[in-house]
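One structure is given below, encoded as structure tokens.
The values are calculated or read from the model by the stated rules, or taken from the named source; none is laboratory data. For clarity, every value in this text was computed on a predicted model and none was experimentally measured. Don't worry about glycine lacking a Cβ; one is built from the backbone with ideal geometry, like all the others, and counts go over all protein chains shown.
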Amino acid sequence: MRCPFCKEDRDRVIDSRSSDGGRVIRRRRQCLVCKRRFTTYEKMGEGFKLSVVKKDSSRVPYDRDKIVGGLQKACYKRPVSAEQIQEIADRVEEGIFRNSEKEISSAFIGEKVMEQLRRVDKVAYIRFASVYRDFSDAGELIKEVSQVIEDSETTEQPTLFGE
């Protein structure tokens, strides 16, 4: 593996771990020349193709970038890091590949994204849900927001001055 910094082909593996439900191996490496560290990912070959069944029954190839793109839009100007977005996408993918063979519904993917996003940022969750669920009127949106507020009040105990 060539070092992305000095381009030398001499490195050692410091740490390896499974990721993405066992479909990816993450390796932490150190260049033996410049001593800098970098991460590589080994992924399964393209032999496995997953199709997403959309609402209109059409089928499209699975594309992780669509999940990440939707998350980035929902999290725009929110305190959610790019790393958190990737972690959400990882958890969603684990659920997708654990529960499917060759086809998965877009509804399943959307629900998994919302489930993970709701834990991270409530505003981003509402943004995503408003697009994904395609609310027909403001009343449906208000009902969803009220439910999120209600859930937040029962799970989070307010403190004075951040104590």
Report whether or not LYS66 is of a type outside the set (A, V, I, L, M), under 20 Å from ALA124 (Cβ atoms), touching a residue at least 40 places away in the same chain (Cβ under 8 Å) and not in a loop (DSSP other than H, G, I, E, B).
no
Answer residue from the stretch 87-128, given it is in contact with a Phe, Trp or Tyr (Cβ under 9 Å, 6 or more places away or on another chain) and outside any helix (DSSP H, G or I) and is surrounded by the most Cβ atoms within 10 Å (Cβ to Cβ) among those
ILE104
Please list, ordered by first then second residue, the pairs with beta carbon atoms under 6 Å, 6 or more apart or interchain, first in the stretch 115-142 and farther than 13 Å from ILE85 by Cβ, second modelled with pLDDT under 80 and not in a helix (DSSP H, G or I).
LEU141/PHE135
With respect to GLY21, is the statement that it is at pLDDT below 85 and surrounded by fewer than 12 Cβ atoms within 10 Å (Cβ to Cβ) true?
no
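What about ALA74, is it at pLDDT below 90 and out of contact with any Ser or Thr (no Cβ under 8 Å at 6 or more places or on another chain)? Can you show your working first?
Details: at pLDDT below 90: no; out of contact with any Ser or Thr (no Cβ under 8 Å at 6 or more places or on another chain): yes.
When the stated conditions are applied, ALA74 does not pass them.
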Which residues, taken from the stretch 1-41, are without any contact (Cβ under 8 Å) to a residue 12 or more places away in the chain and under 24 Å from VAL92 (Cβ atoms)?
ARG17, SER18, GLY22
Going by the structure shown, is PHE38 at pLDDT below 90 and farther than 30 Å from ILE126 by Cβ?
no
So is PHE48 of a type in the set (Phe, Trp, Tyr), in a loop (DSSP other than H, G, I, E, B) and modelled with pLDDT under 90 or not?
yes
